[in-house]
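Peer 1: Just dropping this structure here.
Values quoted throughout were computed directly from the atomic coordinates according to the rules given, and no laboratory measurement underlies them. Small disclaimer: the values here were computed from a predicted structure and weren't measured. Heads up, the Cβs are rebuilt from the backbone with ideal geometry, glycines too, and the neighbour counts pull from every protein chain shown.
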Amino acid sequence: MVRMSADGTPRRRRLSPEQRRAQIIAEATRLVAERGFNGISLQAVADACGMSVPGLLHYTGTKDGLLVAVLTHRDQVDLEVAGLTAPPDLIASPRTVLDALMEHNAGQREIVRLYTVLNAESLNPDHPAHEYFTRRYMESFERLRNLLGPHYADAEALSHDLIAAMDGAQLQWLRFPEQVDLVEAWNRAADAIFAAAAPAKR
């Protein structure tokens, strides 16, 4: 929002720290989607936010910190889109929830690419995002196991299988975008996994 100063010149409204951080994440996410993770720079994000690079780093620490913030925001959006923020016992169909998540991912290719590349790089314990991705997998696994538990007998093994199917389908889609349809690849894998899953005992 732009306001006018006493002398009639435009003056930007000062944002609160929370508003500024939200702006930074929104602009960084937009730039990643437009240019890819290799095309994004701290200067570009700072320019989009109307601030300096040192000012940007005050909120993100490093470029890696900025990317982790983008991914954390993406995780929250994904949970809301797929309906995973609801209590597990109120979700009637785990498959429907996972299908919605994969359909959502199919529409944000560059964000998925960013996640996939950083996830692989962070296997190195010295990588700045190592702790984030380790924690993220554990949280995703626990969330999925809770979602599947009321419906399937071995929710733990099923959770590992489904996460592997998601990651594998996304990797194939990123590698061969002209040959692989993400939703179709996921559906083939999910059909086989769910067909073999034993239902929970009532």
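Peer 1: For segment 10-61, calculate the relative contact order in percent as a whole number, restricting contacts to Cα pairs under 8 Å that are 6 or more residues apart.
Peer 2: Once normalised by length, the contact order is 31 percent.
Peer 1: Relative contact order (percent) for the chain, with alpha-carbon contacts under 8 angstrom and 6 or more residues of separation? Walk me through the numbers on the way to the answer.
Peer 2: Values: 166 pairs, mean separation 33.1, N = 202.
After rounding, I find 16 percent.
Peer 1: Next question. For residue 19 and residue 44 in the same chain, what is the full-extension length gain: residue separation times 0.36 nm, less their Cα-Cα distance, in nm? Before the final figure, lay out the partial values.
Peer 2: Details: separation 25, 0.36 × 25 = 9.00 nm, distance 1.88 nm.
Extra length available between residue 19 and residue 44 comes to 7.1 nm.
Peer 1: So, one more: Pick from 142, 18, 184: which residue has the top mean-square fluctuation in a GNM of the chain where Cα pairs under 10 Å get a spring?
Peer 2: Fluctuation is largest for 18.
Peer 1: Okay, moving on. R0 = 41 Å: FRET efficiency of residue 117 with residue 153, Cβ-based, nearest 0.05? Intermediate results must be reported in sequence, preceding the final value.
Peer 2: Numbers: r = 36 Å, r/R0 = 0.87.
Efficiency at R0 = 41 Å is approximately 0.70.
Peer 1: At each listed q (0.13, 0.16 Å⁻¹), what is the log10 of I(q)/I(0) that the Debye formula gives for the chain modelled as equal alpha-carbon point scatterers?
Peer 2: -0.80, -1.09
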